[in-house]
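**Student:** I have a structure here, written as structure tokens, and I will follow up with some questions on it.
The values are calculated or read from the model by the stated rules, or taken from the named source; none is laboratory data. The model shown is predicted, which means the values in this text are computed figures rather than measured ones. Neighbour counts run over all protein chains shown; Cβ positions are idealised from the backbone, glycine included.
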Amino acid sequence: MPHPVPQPKQAIVFRNGIVLTMDDVHTVLPEGDVLVVDGRIAAVGNDLAVPEGTYEIDAKGGIVMPGMVDTHRHMWQTAMRGYGADWTLTQYFVWYYLEHGMKFRPQDVAAGNLISALDALESGVTTTVDWSHGLRTPEHGAAAYEALATSPGRFVLGYGNLAGAPWEWAQDPEVRRLIENARDDSRLFGAQLAFDVPGDESFPERPAFELARELGIQVTTHAGVWGATNDNGIRLMYENGFMDPGTIYVHAASLGEESYQRIAATGGTVSLSTESEQTCGQGYPPAHALRRHGIPASLSVDTSVWFSADMFSAMRTTIGADRSLEHYIAHQSDQTITHALIRVEDVVDWATRGGAVAIGKLDQIGSLEAGKLGDVLLIKNDDSPTMSPILNPYGHVVYQAGRGDVDTVLVGGEVVKWGGKLVAGDLKGVKARLEDTVAYLEGALGDETWKAGMNPEIPEVEILHNPYQYRKEGSTLSR
Ligand SMILES: [Zn+2]
């Protein structure tokens with residue numbers, strides 16, 4: 001049985017864990033302590049002296065690391081978790097943009113946000129950018145906002161509206177007020193403006209860029225998405241002078257060299273959603289291109305309408321895709337890769353520190369260093385054979401551990417997960433709201449449409465003629 005949860009505001013020390021600090025030089029303490037006092041990290045080191053009354057957590061046999069940061073998650077879509085597991089991007093666009101996105105009421109957007117917030121937190125993601133493009137009306141915006149502000153964890157509201165034109169909704173005074181409030185509300189962790197630039201030569205997106213600049217917030221944009229946004233979008237942003245430092249380019253696949261050069265030169269970062277890029281066809285996950293151009297990376301899970309909502313999967317698929325490509329390209333010229341370029345340490349960086357860099361908050365989160373906010377994970381599971389031995393801690397985080405091994409999560413020094421169980425938020429209440437949303441949507445679509453949406457047709461596959469025949473005439477062997 002886990003020990004009693006520490007009291008609110010109680011100082012906490014993790015003792016004798018493998019500490020991945022993710023500081024500038026990625027200091028690793030093989031048996032270190034992390035002390036959190038008054039919501040902030042007070043010290044990281046060995047055999048730390050602690051204030052009286054400090055709660056001691058035995059981290060031996062576990063890994064202590066910074067809370068993870070997700071830079072692009074369409075939280076509202078978690079209300080449809082897993083529904084589109086067999087979709088293509090085209091089917092997604094049709095379902096959300098053309099057919100059913102407009103059916104989501106403000107409370108449905110909120111329900112998705114509420115469950116997604118707890119989902120992120122439970123998996124060790126302490127900061128999430130809600131790429132909230134279901135905000136069809138200011139009422140939807142207010143509902144999304146309220147859901148984030150009242151959820152445990154840190155959230156950046158990326159304000160967007162897939163149903164409208166950014167040059168229109170960004171000029172709505174009510175929307176502007178919501179974004180300003182989100183930016184300044186201490187219950188949130190800032191605001192971003194979320195919209196795409198498909199490549200209209202007249203650059204109608206200008207007012208949206210101007211608003212972001214005026215409010216001093218970042219722009220986050222799906223860039224390099226095959227069939228949707230491409231080099232033209234990047235070029236137009238560049239030529240019009242809006243590739244501001246800090247802009248987050250989501251996916252950034254299927255782009256030419258010049259676009260990567262422009263991103264690198266203007267101080268942008270890329271949010272890799274590898275499960276998404278692999279499944280939807282935005283283009284090949286571009287970690288290789290970021291490496292070549294020196295572009296900083298962060299990771300994201302995109303949307304749970306298809307994908308897993310945890311950064312363990314994001315790290316694993318990202319490193320797998322990059323290594324897979326490296327081998328594949330080498331094999332084309334009869335070469336063998338003997339040393340991998342991408343390392344487990346890289347993707348752990350992108351899942352923590354890289355995310356903090358991307359959202360401009362490295363001074364507050366992203367590493368375990370004295371003075372930073374007390375967002376800390378303990379990955380430890382004494383009942384799991386997979387958690388021993390831990391020889392290569394970065395490798396263990398990426399390839400061995402999973403969200404079920406996240407034992408403890410602190411946000412600002414407050415315990416939100418304890419003994420492997422979520423202890424913050426109201427999961428039961430959120431599930432009830434979610435049930436209402438799912439029932440409403442199912443009803444609004446009707447049984448047949450609901451089922452058809454989940455089961456897209458499978459294209460015919462021709463089975464090639466095979467000159468080798470193993471089967472005897474009249475054999476009934478079949479699939
Ligand atoms: Zn996205």
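**Student:** Limited to region 1-60, what total is found for residues that are more than 21 Å from residue 416 (Cα to Cα), of a type in the set (A, V, I, L, M) and assigned to a loop (DSSP other than H, G, I, E, B)?
**Tutor:** Number of matching residues: 5.
**Student:** On the given criteria, is residue 227 within 16 Å of the ligand (Cβ to nearest atom), farther than 20 Å from residue 156 by Cβ and not in a loop (DSSP other than H, G, I, E, B)?
**Tutor:** Against the criterion (within 16 Å of the ligand (Cβ to nearest atom), farther than 20 Å from residue 156 by Cβ and not in a loop (DSSP other than H, G, I, E, B)), residue 227 does not qualify.
**Student:** Taking the options 162, 98, 157, name whichever one is within 16 Å of the ligand (Cβ to nearest atom) and modelled with pLDDT under 95.
**Tutor:** Values: 98 fails: within 16 Å of the ligand (Cβ to nearest atom); 157 fails: modelled with pLDDT under 95.
Sole residue among the options that is within 16 Å of the ligand (Cβ to nearest atom) and modelled with pLDDT under 95: 162.
**Student:** Now a separate question. Could you check region 293-309 and list, in sequence order, the residues that are in contact with a strand residue (DSSP E or B) (Cβ under 9 Å, 6 or more places away or on another chain) and crowded, with 22+ Cβ neighbours inside 10 Å? Break it down stepwise before answering.
**Tutor:** Pass one, region 293-309, residues in contact with a strand residue (DSSP E or B) (Cβ under 9 Å, 6 or more places away or on another chain): 295-304, 309.
Selection gives 297, 298, 299, 300, 301, 302, 303, 304, 309.
**Student:** If you don't mind, there's one more thing I want to ask. Hey, could you check region 109-130 for residues that are within 16 Å of the ligand (Cβ to nearest atom) and part of a helix (DSSP H, G or I) and say which is farthest from residue 429 (Cα to Cα)?
**Tutor:** Step by step, filter region 109-130, then rank; the result is 120.
**Student:** Pick from 271, 276: which is within 19 Å of residue 357 (Cα to Cα) and either in contact with a strand residue (DSSP E or B) (Cβ under 7 Å, 6 or more places away or on another chain) or not in a helix (DSSP H, G or I) (or both)? Reasoning before the result, please.
**Tutor:** Working: 276 fails: within 19 Å of residue 357 (Cα to Cα).
Of 271, 276, the one residue that is within 19 Å of residue 357 (Cα to Cα) and either in contact with a strand residue (DSSP E or B) (Cβ under 7 Å, 6 or more places away or on another chain) or not in a helix (DSSP H, G or I) (or both) is 271.
**Student:** Just checking, which of 164, 124, 153, 190 is surrounded by fewer than 23 Cβ atoms within 10 Å (Cβ to Cβ) and on the phi > 0 side of the Ramachandran plot? Can you show your working first?
**Tutor:** Working: 164 fails: on the phi > 0 side of the Ramachandran plot; 124 fails: surrounded by fewer than 23 Cβ atoms within 10 Å (Cβ to Cβ); 153 fails: surrounded by fewer than 23 Cβ atoms within 10 Å (Cβ to Cβ).
Within the list 164, 124, 153, 190, the selection yields 190.
**Student:** For region 412-450, which residues satisfy the criterion of being surrounded by 13 or more Cβ atoms within 10 Å (Cβ to Cβ), among the small types (Gly, Ala, Ser) and closer than 27 Å to residue 101 by Cα?
**Tutor:** 444
**Student:** Could you tell me whether region 284-292 includes any residue that is surrounded by 18 or more Cβ atoms within 10 Å (Cβ to Cβ), within 27 Å of residue 155 (Cα to Cα), out of contact with any Leu (no Cβ under 9 Å at 6 or more places or on another chain) and at pLDDT 95 or above? Before you say what the answer is, go through the steps one by one.
**Tutor:** Taking region 284-292 as the starting set, the residues that turn out to be surrounded by 18 or more Cβ atoms within 10 Å (Cβ to Cβ) are 284-287, 289-290.
Filter once more, so that each one left must be within 27 Å of residue 155 (Cα to Cα): 285-287, 290.
Then keep just the ones that are out of contact with any Leu (no Cβ under 9 Å at 6 or more places or on another chain); that gives none.
No: zero hits.
**Student:** Here is a follow-up. Pairs needed: first member in region 265-288, within 18 Å of residue 246 (Cα to Cα); second member anywhere, among the hydroxyl-bearing types (Ser, Thr, Tyr) and surrounded by fewer than 22 Cβ atoms within 10 Å (Cβ to Cβ); C-beta distance under 8 Å; at least 6 residues apart or different chains.
**Tutor:** Filtered contacts from region 265-288: 266/238.
**Student:** I want to confirm something. Restricting to region 80-93 and keeping residues that are hydrophobic (A, V, I, L, M, F, W, C) and within 16 Å of the ligand (Cβ to nearest atom), which single residue is nearest to residue 280 (Cα to Cα)?
**Tutor:** Only one residue tops the list, namely 89.
**Student:** Looking at residue 356, is it assigned to a helix (DSSP H, G or I), farther than 26 Å from residue 87 by Cβ and within 16 Å of the chain's Cα centre (by Cα)? Walk me through it before giving the result.
**Tutor:** Working: assigned to a helix (DSSP H, G or I): yes; farther than 26 Å from residue 87 by Cβ: yes; within 16 Å of the chain's Cα centre (by Cα): yes.
Spelling it out, residue 356 is indeed assigned to a helix (DSSP H, G or I), farther than 26 Å from residue 87 by Cβ and within 16 Å of the chain's Cα centre (by Cα).
**Student:** Looking only at region 233-250, decide whether some residue is within 16 Å of the ligand (Cβ to nearest atom), in a loop (DSSP other than H, G, I, E, B) and touching a Gly at 6+ places or on another chain (Cβ under 6 Å).
**Tutor:** Looking through region 233-250, at least one residue is within 16 Å of the ligand (Cβ to nearest atom), in a loop (DSSP other than H, G, I, E, B) and touching a Gly at 6+ places or on another chain (Cβ under 6 Å).
**Student:** Within the bounds of region 131-153, is there any residue that is assigned to a strand (DSSP E or B), away from the ligand (no atom under 16 Å from the Cβ) and either charged (D, E, K, R) or not assigned by TED's automatic domain parsing to the domain that holds residue 300 (or both)?
**Tutor:** The answer is no; no qualifying residue exists.
**Student:** Filter region 291-313 for residues that are part of a loop (DSSP other than H, G, I, E, B), touching a residue at least 40 places away in the same chain (Cβ under 8 Å), more than 12 Å from the ligand (Cβ to nearest atom) and more than 13 Å from residue 263 (Cβ to Cβ) and give the result.
**Tutor:** 309, 310
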